[in-house]
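The values are calculated or read from the model by the stated rules, or taken from the named source; none is laboratory data. This structure is a prediction, so every number in the text was calculated from the model and none was measured. Note: ideal-geometry Cβ built from the backbone for every residue, glycine included; neighbour counts use all protein chains shown. For the accessible areas, the whole protein counts, side chains as well, though only heavy atoms, and no ligand, DNA or RNA atoms are used. Shrake-Rupley method; radii C 1.70, N 1.55, O 1.52, S 1.80 Å.
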Amino acid sequence: MILSSAIRAHVYSEAVDMRKSIDALAQIVSRCMGMNPLSGQVFVFIGRRRDKAKLLVWDRHGFWVLYKRLERGRFTDPARLSAEGLAMSELLAWLDGIDLSRTR
């Protein structure tokens, strides 16, 4: 899986049950976000306590699900990030627990 800078990440603003499968996450993308889960873009879902995130990505052969759990701290509010897509550099910083609202 190669994530280039041309790919955008789209954050779902509602809390998601982290037990959801690939198919359930893909349904959220199509029904709730109004986007195509097969687009190759990255779709980000955050758990209720905001210490866990799942990323859903389609490549030419199937879906990838990446799971991240912060040992300390929480991800910043997903509602702030859901309005516009994130660049890959922003996504990587956000996954490291950096609050993007405090960066330039």
*Is it true that some residue in the range 54-61 is in contact with a Gly (Cβ under 9 Å, 6 or more places away or on another chain), free of Cβ contacts under 8 Å to residues at least 60 places away in the same chain and either open to solvent by 80 Å² or more (accessible area, probe 1.4 Å) or among the aromatic types (Phe, Trp, Tyr) (or both)?*
yes
_Among the residues listed as Ser39, Ser89, Ser13, Ser5, the single one being in a loop (DSSP other than H, G, I, E, B) and in contact (Cβ under 8 Å) with a residue 60 or more places away in the chain_ = Ser5
*Considering only residues that are closer than 30 Å to Arg72 by Cβ, in contact with a Pro (Cβ under 7 Å, 6 or more places away or on another chain) and among the hydrophobic types (A, V, I, L, M, F, W, C), look in the range 10-42 and name the one that is surrounded by the fewest Cβ atoms within 10 Å (Cβ to Cβ).*
Val29
